[in-house]
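Right, one structure below, let's go through it.
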Amino acid sequence: VLMLASEKLEKARERFRETRADELVARYSRRAVIGALAAVAPGSDLVIQGVLATRLVRELSNLYGVPVKEIEIESFIQLAGGKVKNMTAITLAIAGNALKAFPGLGTISGGVVHAVAYGMIFDSLGRAAAQTMATRGELRAYPAAEAFEELMNEHLESGAVRMAKLAIRERKDGGDNA
């Protein structure tokens, strides 16, 4: 009876963590979109996104009860960043920045494209970190970066559509709900 109760408790804890991780990832993906829309000065988006990524991983580590060191977070983010360089999301981010150079419509559309890219990156980054912590009980940079790459590739189209809708909605609302 105690074993059965223990198993049920463990499954309930896993469901709770999974639901909470999804909420955290969604919240930080939204913040990444808003941060990308708000970033005006060149390079400011990198600072904003770096802070957000670190906070996301820290909150996920607290959720899963996994102690992480700053160096582990930086290593994971750096490896994930290397994976992004060869993907469509980074192409979108670069195209978005390029479009921002044209006043008016270019600035608006560039900002939205840029925001979509960051939203997709954060969605996959958070899911990869959560998945790695849930299955391994720790944040291992290389396996998490591999999971990130797989998630980016798997969800590229659906993620782009979802993040585009979010970016357009945030652009219309002015990003006041962060």
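The values are calculated or read from the model by the stated rules, or taken from the named source; none is laboratory data. Because the structure is a prediction, the values reported are computed rather than measured. Every residue, glycine as well, gets a Cβ built from its backbone with ideal geometry; the counts of neighbours run over all protein chains shown. The area values use the complete protein model at the heavy-atom level, side chains included, leaving out ligands, DNA and RNA. Shrake-Rupley method; radii C 1.70, N 1.55, O 1.52, S 1.80 Å.
Restricted to region 20-47, and to residues there that are touching a helix residue (DSSP H, G or I) at 6+ places or on another chain (Cβ under 7 Å) and open to solvent by 60 Å² or more (accessible area, probe 1.4 Å), the residue that is modelled with the highest pLDDT is R20. Counting only residues that are in contact with an Asp or Glu (Cβ under 8 Å, 6 or more places away or on another chain), open to solvent by 50 Å² or more (accessible area, probe 1.4 Å) and not in a helix (DSSP H, G or I), region 118-139 holds 0 of them. E14 meets the conditions (1) acidic (D, E); (2) open to solvent by less than 100 Å² (accessible area, probe 1.4 Å); (3) more than 18 Å from V112 (Cβ to Cβ) in every case but one. The failed one is (2).
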